[in-house]
Amino acid sequence: MNMKKKTKKSISILYTWVIFFLIIIIINNNNIFKKTFKIIKKENYSKRIENVYGYCNGPSVGYLKFIKEKFKLKFNPKIINFDQTSPSDWSIYDLRLEKNNNKIILLNYKKTLSFIFNKQKKNEWTFNDQIQKIESINKIEFTTIYNDETYINGTLNLYEINSRKQKKLVYKKKINQIINSKPINIDFKTENFNSYHGTFLIEFDNLQNNNLKNINNIILSSNNYFKIENYKIINQEKNCYYVSSRN
Amino acid sequence: MYLQEISLIIFQVLFIYLFFNNPILNEKIVNKIIKVKHFTNVDLVILNVIIFLNLLILISVFSINSTYFFYFYILSICLALIKNFVDKIKINFSYKNIIILFLFFILSLDLAYEIVFGWDVQWFWYLKALNFYQDEDFLNLNKLPLSGYPHLGPYIWGFFWKFPFNNYEYLGRISYVFFYILGIFSFSETLKINNQLRSIFSLFIILATYKYKLFDGDSDVLIFIFLLFAAKFVNYLYQPEKKENQFPIIFLLLGIGNILLWTKQEGIIFFTFLIFSMIIFNQLISKKNKLILISSCFLLIFLRFLILHMLGVPSIDTEVQLQADVLFFDFNEFYYRITNILFYIFVYLIQSPIYLITLPLIVISINFLKNDPLNKTLLLFTFIVLGFLLFAYFFTTTEVIFNSRNSMTEVLNGFSGVYLLVIPNLLNKYLSNNKNRYLK
C-alpha cells in the first residue's frame, strides 16, 4: 500500500516536471524573456510600431503617426502609398472625424516609378510583384554585364502572365540600337501594365544578332500619375510628403 | 523603463481572467435553473463566456452603449461573488488555474511585443474594432470596408481594448488568447485521465498550435476556439452518463452556434456540418432534441438574416460574390481547378500539426472503432467538409491558386479542433478496455 502511494507520488512529481519543462519550451520557443526585457527596457509601443511598419518605408506608419501628432489633425487625410504594401490608413484613422481629400499624405513617393525585371533565362526577364495605378510606360533601360556596349536588333515584347501561365501581350517595341548607352524613351500610354496577381515577362523575338547574354536586368520606368508640383508641400521627410491642394 | 506597459498587460490579464473565472452562474444556480450535473468548473467558465458573448451580440446589434453594459456586467459579477460567499461556495483555484493564468500571461506578452497585423486586419478588421472602441453605431459599419463580414470578433477586441484600461489596442486582442487557452484546457477534460496528464496534453496542443499570427486580429482563431468549445459539448452528448444533461448541452451548443454565426461565415457552416453529422449517428439524442437542434440552427441563421435585413446591413460580404462566369468552364478548367484545390488541401493539411496527428488516428480508428458513433460522425464530417471545400474553392471568382494560398490555411485550421475529438475517443476506449481486462 505504502509502495503504491510512493509510486503514485513519484509519478505525480514526474508529471509536474514535464509540465514545468513544457512551459519552459513554450517560453523559449517564443523568446518571451527577450521580448519582456525589450518591452520593459528598450522599445515602447510607438517604437515597436515603427520597427514593424517602418517610418518612411513600407507601410510608413511612423510617418503617419508623426504627421497626425505634429499637425494635430482634426480630419482624416487622404493617404496614398506608392509602395506595394498593406494599407496603413488604419494607423491614424479616426471614425469620428471627417475625411479631407484636399490634405494628402504621400508615402514612398517617387516622380518616376521603376520596375526591375530580373533575368531568368537567356531570353526571359520577369517582374513578380504587384503593379498598380500605372498609366504609362515612359522609359526602358538595360543593365549589362561588365557595362559592355551591347547592340540589339530585334523586338522587345512585354507580356502579362496570369497564374495559369497564359501570356497576354501588353507592349512591343522594335529595337535596333546600342542599348546600354542611354535609356530608350517611349511614352506609351497603357492601363494594362497593372496586375494584382500576375507576373510580367519580357522576351525578345526576331533577333538579328545574339547579344542577349550580355543583358543583366531590364528596367521599365513610368512617370508617377501624381504630380506633386501641383500641390503645396507642408512637410517632407525622405520620400514621404504631407501636401495640400493649392485651391 | 516602460513599466507602465508591462503593468497594464499584467492587470489586463488578471482582469480578463477574473472577469470570466468568477461564474455569474455558480454550480448551485446552474443545478437549480438548468438542472445540469457533472459540469466542471471550466465548463461553468465556458458557460459564462457563451452567455457574455451572446449578450455582446445583442448589445452590439442594437447599439446599446457598451459602457452601461460593462458596468452592468461587473455589478452582476460582484453580486454573484456575494451570492457565492453566502452560499459558502469555495473559490476554485487549483494548480490548473495557475498554469492557465501563467500561460495566459506569457502568451499575452508575446502578443504585446509582436503587434503586427495581418493584411485583412489592416484592411478591415481593425476598422471594425475601432468602430466599437470609438462607440460608433452598428450601422456605421456600413461605411467601412467589407461591411457584410460578421462583426463579433472585432467587437470583442474593441470591448476589451476599451475596458477597463482604454489604452493599447492589443489589450483587446489579449481576450482572444484567454479564449484560446480556455478552449484547449476545457477540451482536455474530455480525456479520462488525471488532471496533470490533461495539463500535459493541453500544453502539447498549445506547443503545436500557438503562433503569434493566430492573434494578429483576424477572427479565424475564434472559429478554432469556438468549434473546440462545441467539440467538447458534442463529446458530452455521446456519453450515456451525461444523457440527463442533454437539453442544457444542446442549449449551450446553440449558444456557441450563434456566436460562430456572428464571428465568421464559415464558422456556422462548419458548426452546422458537425451538428448534422452528429444527429445522424448519435442514437443517444432523442428525436425531439435532434429536431430542436437542427431547426434552431436554421432559425438562428434566419434570425441573423432578418435582423441584418431590418437594419439595412448586408448579411454577406458584398464585395466577393459568386459571378456567372465561374459557372462556365471546360474540362481543362475543371481539371485545373480540382487538382489545384486538392493539392493545396494536401499541402496545408500536412503543415498543420493537429491534422498530422489526428488524421492518421482517424485512419487507425476506422479499424479499431468500427461501429463507434462518434467516429462515424467524424468521418461524415470529413466527407461533408471536403465536399464543401471543393465546391467553395471551385466556384470562386478569385483565381483558384491565389485564393487557396491566401485563405486555405485559415479555413483548415478553423475546424481542426473538431478532429481533436478522435484523441479522447480512441484513448478513452483504450483505457476502458484495458481497465475491463484488468478487472477480469
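The values are calculated or read from the model by the stated rules, or taken from the named source; none is laboratory data. Nothing here was measured: the structure is a model prediction, and the numbers come from that model. As a convention, Cβ positions derive from the backbone with ideal geometry for all residues, glycine included, and neighbour counts pool all protein chains shown.
What about residue B:156, is it without any contact (Cβ under 8 Å) to a residue 40 or more places away in the chain and more than 9 Å from every other protein chain (Cβ to nearest Cβ)?
no
Looking for whichever is away from chain A (no Cβ under 11 Å) and touching a Pro at 6+ places or on another chain (Cβ under 7 Å) here; the options are B:186, B:147. Which one fits?
B:147
Within region A:164-174, can one find any residue that is at pLDDT below 90, within 14 Å of chain B (Cβ to nearest Cβ) and within 19 Å of residue A:84 (Cβ to Cβ)?
Within region A:164-174, not a single residue is at pLDDT below 90, within 14 Å of chain B (Cβ to nearest Cβ) and within 19 Å of residue A:84 (Cβ to Cβ).
Being polar (S, T, N, Q), touching a residue at least 12 places away in the same chain (Cβ under 8 Å) and farther than 15 Å from residue A:142 by Cα narrows it down to one of A:192, A:210, A:217, so name that one.
Unique residue meeting the criteria: A:192.
State all residues of region B:192-223 that are farther than 15 Å from residue B:46 by Cβ, within 16 Å of the chain's Cα centre (by Cα) and among the hydrophobic types (A, V, I, L, M, F, W, C); if no residue qualifies, say none.
B:205, B:206, B:214, B:215, B:221, B:223
Looking at this structure, is residue B:253 surrounded by fewer than 24 Cβ atoms within 10 Å (Cβ to Cβ) and aliphatic (A, V, I, L, M)?
Here the answer is no, as residue B:253 does not meet what is asked.
What number of residues within region B:117-131 are surrounded by fewer than 19 Cβ atoms within 10 Å (Cβ to Cβ) and at the interface with chain A (Cβ under 7 Å from one of its Cβ atoms)?
2
Please count how many residues of region B:329-338 are of a type outside the set (D, E, K, R) and either more than 13 Å from chain A (Cβ to nearest Cβ) or within 13 Å of residue B:392 (Cβ to Cβ) (or both).
So the answer is 3.
Does any residue of region B:327-338 turn out to be within 30 Å of residue B:424 (Cβ to Cβ) and either modelled with pLDDT under 90 or not polar (S, T, N, Q) (or both)?
Within region B:327-338, none of the residues are within 30 Å of residue B:424 (Cβ to Cβ) and either modelled with pLDDT under 90 or not polar (S, T, N, Q) (or both).
Out of all the residues in region B:249-296, which are more than 20 Å from residue B:412 (Cβ to Cβ) and of a type outside the set (A, V, I, L, M, F, W, C)?
B:255, B:257, B:258, B:282, B:283, B:286, B:287, B:288, B:289, B:290, B:295, B:296
Keeping to region B:391-411, report how many residues are more than 21 Å from residue B:354 (Cβ to Cβ) and touching a Leu at 6+ places or on another chain (Cβ under 9 Å).
Qualifying residue count for the region: 3.
Which condition from (1) of a type in the set (A, V, I, L, M, F, W, C); (2) away from every other protein chain (no Cβ under 12 Å); (3) loosely packed, with under 13 Cβ neighbours inside 10 Å is the one that residue B:98 breaks?
(2)
For region A:218-247, how many residues are surrounded by 14 or more Cβ atoms within 10 Å (Cβ to Cβ) and of a type outside the set (A, V, I, L, M, F, W, C)?
12
β-branched (Val, Ile, Thr), within 27 Å of residue B:215 (Cα to Cα) and under 27 Å from the mean Cα position of the chain (by Cα): does that describe residue B:354?
yes
Can you pull out the residues in region B:339-350 that are more than 14 Å from chain A (Cβ to nearest Cβ) and of a type in the set (A, V, I, L, M)?
Scanning region B:339-350 gives B:342, B:345, B:347, B:349, B:350.
Among all residue pairs at least 6 apart or on different chains, which show Cβ distances below 9 Å where the first residue, located in region A:92-121, is within 19 Å of residue A:133 (Cβ to Cβ) and the second is surrounded by 15 or more Cβ atoms within 10 Å (Cβ to Cβ) and acidic (Asp, Glu)?
Partner pairs satisfying both residue conditions: A:107/A:83; A:108/A:83; A:114/A:141.
Of everything in region B:164-179, what is in contact (Cβ under 8 Å) with a residue 60 or more places away in the chain and buried (at least 21 other Cβ atoms within 10 Å of the Cβ)? Give them in sequence order.
If the condition is that a residue be in contact (Cβ under 8 Å) with a residue 60 or more places away in the chain and buried (at least 21 other Cβ atoms within 10 Å of the Cβ), then B:171, B:173, B:174, B:175, B:177, B:178, B:179 are the ones that fit.
Considering B:415, B:383, which residue is away from every other protein chain (no Cβ under 14 Å), under 24 Å from the mean Cα position of the chain (by Cα), within 29 Å of residue B:282 (Cα to Cα) and surrounded by fewer than 18 Cβ atoms within 10 Å (Cβ to Cβ)?
Residue meeting the stated conditions: B:383.
Among (1) facing chain A (nearest Cβ under 9 Å); (2) closer than 25 Å to residue B:183 by Cβ; (3) modelled with pLDDT of 90 or more, where does residue B:134 come up short?
(2)
So which residues in region B:79-95 are among the hydrophobic types (A, V, I, L, M, F, W, C) and either surrounded by 12 or more Cβ atoms within 10 Å (Cβ to Cβ) or in contact with a Pro (Cβ under 6 Å, 6 or more places away or on another chain) (or both)?
The answer is B:80, B:81, B:89.
Restricted to region A:126-163, and to residues that are more than 30 Å from residue B:403 (Cα to Cα) and exposed (fewer than 14 other Cβ atoms within 10 Å of the Cβ), which residue is nearest to the other protein chains (Cβ to nearest Cβ)?
Applying the filter and picking the extreme gives A:145.
Can you tell me which residues in region B:189-219 are under 18 Å from residue B:428 (Cα atoms) and either more than 11 Å from every other protein chain (Cβ to nearest Cβ) or in a loop (DSSP other than H, G, I, E, B) (or both)?
Across region B:189-219, the qualifying residues are B:189, B:190, B:191, B:192, B:193, B:194.
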